[in-house]
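Report on one structure; see the data block that follows.
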Amino acid sequence: MQSLVQEISRIQTVSHYGRITGVRGLLVEVGGIEQHVAVGSRLKVETRDGRLVPVEIVGFQRGVALGMPYGAVEGIGVGCKAVLAQSDPVAYPSDAWLGRVLNAFGEPIDGKGPVAMGPRPYMLKANPPAAHSRQRVGPKIDLGVRSLNSFISCCQGQRMGIFAGSGVGKSVLMSMIARYSSADVNVIGLVGERGREVQEFIEDDLGEDGLARSVVIVATSDESALMRRQAAYMTMTVAEYFRDRQAEVMCLMDSVTRFAMAQREIGLAGGEPPTSKGYTPTVFNELPRLLERAGPGPKGLGNITGLFTVLVEGDDHNEPVADAVRGILDGHIVMERAIAERGRYPAINVLKSISRTMPRCNTEFENLLVREAKRYMAAYSDMEEMIRLGAYRPGSNAEVDAAIQYFPFLEEYLSQWKDDHTPLLEGYERLREILETGPAAMAIRQFESGQGLARG
């Protein structure tokens, strides 16, 4: 009954409408309503065959409102009625959304029936919390992945990017984090995902246990640019709802690049000038507005720990979107095709990845373990080609000799199947066992005897 009362209270008593005066590609021109709408307003256009197509106003030209439909433009013609639906796009998330798969409008698409709406409206394009009202990042969060927990530690409220080319394993890594992280709630946004892979991700990668504490928002690649962009906004809105419920939220979005591509389509259709690689100025304006919504919450509320995948085009990690996102987030996780090709998953290059909360979030001993391990991995990386070609002569360099000794053990440590869960402290213990078998053991013993404190 309460839900029914809420629905009745949202019914508009007065409606404004106009008419379609023209259709240009993905744009529709709406006349007679320009005084009552603004950029972002929603209309419902009645097509020739009686369907209602949602349309969003994206600009104005010569006194006419320009809109883009959330569906196909087929059936929309001159004279079709366009009724103002709502001026401020909002959502009504609730606890009942947990375990459900929804579209960009918050409507269920998993065949499990309707979902209850919450009593409070949340703005889809809300502003990030004010900087002075935010808490600091919290303690380390357990992501369940050894390479991340040890070498790229993440704190509660931190925002990280996962940078990789196509087919390198971003989605599997994301599913491992969703299943094994110590967060209370997962909010997963699949933006521009292949339709074939959605069900595979939910059933095989995420699984029943992962889905039970997750909300999944889906907009597949065949949907309109507005739907793909809205899926990203809806993902952040749902995360903010659970943050306000004092939950520790893990927000996973795959991918920010497809959000940027959707915004590019919208901007170009609205007449914006293209800049680097065709991306319009609004792309680089919307990226920080979206990503800054994650992070530590205001005092007394929860945090949104954000992990956002970035699909680097042509494996170019310096392309415009990757470069912009890297400057906004609090760290980046680099996945490389060369590592995946030699069969090590997740294919994370820990030497090129960074967490901006390290080393402050670690103990001195944990920093010692990470520093020693990275030292030998870097030594091996510098001489890798010569070692593989057999051109390196053992005994030429003691550090490289030690790196060769450690290499297979560190590779095994960094390799982790998606069903393998390693808790945070266990990961450091396993790393310690590896390092104690070689030259790093002396540094560990010095630290434990109290002589290593100055080095730490």
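Note down the relative contact order for the chain as a percent, whole number, built from C-alpha pairs under 8 angstrom at least six residues apart.
16
Can you give the relative contact order of segment 377-456 as a percent, counting alpha carbon pairs under 8 Å and 6+ residues apart?
With pairs under 8 Å counted, the relative contact order is 24 percent.
Using a ≥ b ≥ c from the Cα gyration tensor of segment 262-411 (square roots of the eigenvalues), is it rounded, prolate or oblate, where a/c under 1.5 gives rounded and otherwise the larger of a/b and b/c decides, a/b for prolate?
In terms of gyration-tensor shape, oblate.
Largest first, what is the accessible-area ranking of His332, His132, His317 with a 1.4 Å probe?
Descending order: His132, His317, His332.
Let's see if you can work this out: charge +1 on each Lys and Arg Cβ, -1 on each Asp and Glu Cβ, no other charges. What is the dipole magnitude of the chain about its Cα centre, in debye to the nearest 20?
The dipole magnitude comes to about 1280 debye.
Order Ser415, Ser41, most accessible first, counting only protein heavy atoms with a 1.4 angstrom probe.
Highest to lowest solvent-accessible surface, that is Ser415, Ser41.
Can you find, among Phe447, Ala91, Phe259, the residue farthest towards the positive end of the dipole of the chain? Put +1 on the C-beta of Lys and Arg, -1 on that of Asp and Glu.
Checking the options against the dipole of the chain, the answer is Ala91.
Of the beta bridges DSSP finds with both residues in segment 239-357, what % are antiparallel, to the nearest 5? Don't skip to the answer; put the middle values down first.
On the way: 5 of 11 bridges.
Just about 45 percent of them are antiparallel.
To test your reading of the geometry: what angle, between 0 and 90 degrees and rounded to tens, separates the Cα axis of helix 364-382 from the longest principal axis of the chain?
90
Expressed as an acute angle from 0 to 90° and rounded to the nearest 10, what is the orientation of the C-alpha long axis of helix 424-435 relative to the principal long axis of the chain?
Helix 424-435 and the main axis of the chain meet at about 30 degrees.
Counting only protein heavy atoms, what percent of the accessible surface of the chain is carbon or sulfur at a 1.4 Å probe?
After summing per-atom areas, the C and S share lands at 53 percent.
Using protein chains only and a probe of 1.4 angstrom, how many square angstrom of Phe105 are accessible, to the nearest 10?
Surface accessible to solvent at Phe105 totals approximately 60 Å².
Let me cross-check Asp184: its accessible surface, 1.4 Å probe, with only protein heavy atoms counted, in Å² to the nearest 10?
Accessible surface of Asp184 is approximately 80 Å².
Please compute the per residue accessible area over the chain with all protein chains in place, 1.4 Å probe, rounded to a whole number of Å².
Dividing the accessible area of the chain by its residue count gives 44 Å².
Calculated from the structure, P(r) over Cα pairs in 10 Å bins from 0, in percent equals which of (i) 4, 19, 27, 23, 14, 7, 4, 2, 0; (ii) 4, 16, 21, 21, 16, 11, 7, 3, 1, 0; (iii) 4, 19, 27, 26, 17, 6, 1?
(i)
For the full complex of protein chains and a 1.4 angstrom probe, list Ser381, Ser224 by accessible area with the highest value first. The partial results should precede the final answer.
On the way: Ser381 60, Ser224 25 Å².
The residues order as Ser381, Ser224, largest area first.
To the nearest 10 degrees, how steeply does helix 281-291 sit against the main Cα axis of the chain, on a 0 to 90 scale?
70
Note down the accessible area of Met68, probe 1.4 Å, to the nearest 10 Å².
Taking all protein chains as shown, Met68 has close to 10 Å².
The values are calculated or read from the model by the stated rules, or taken from the named source; none is laboratory data. Just so it is clear, the structure is predicted and the values come from calculations on it, not from any experiment. Every residue, glycine as well, gets a Cβ built from its backbone with ideal geometry; the counts of neighbours run over all protein chains shown. Just so you know, the surface numbers come from the protein's heavy atoms only, side chains and all, with ligands and any DNA or RNA stripped out. Shrake-Rupley method; radii C 1.70, N 1.55, O 1.52, S 1.80 Å.
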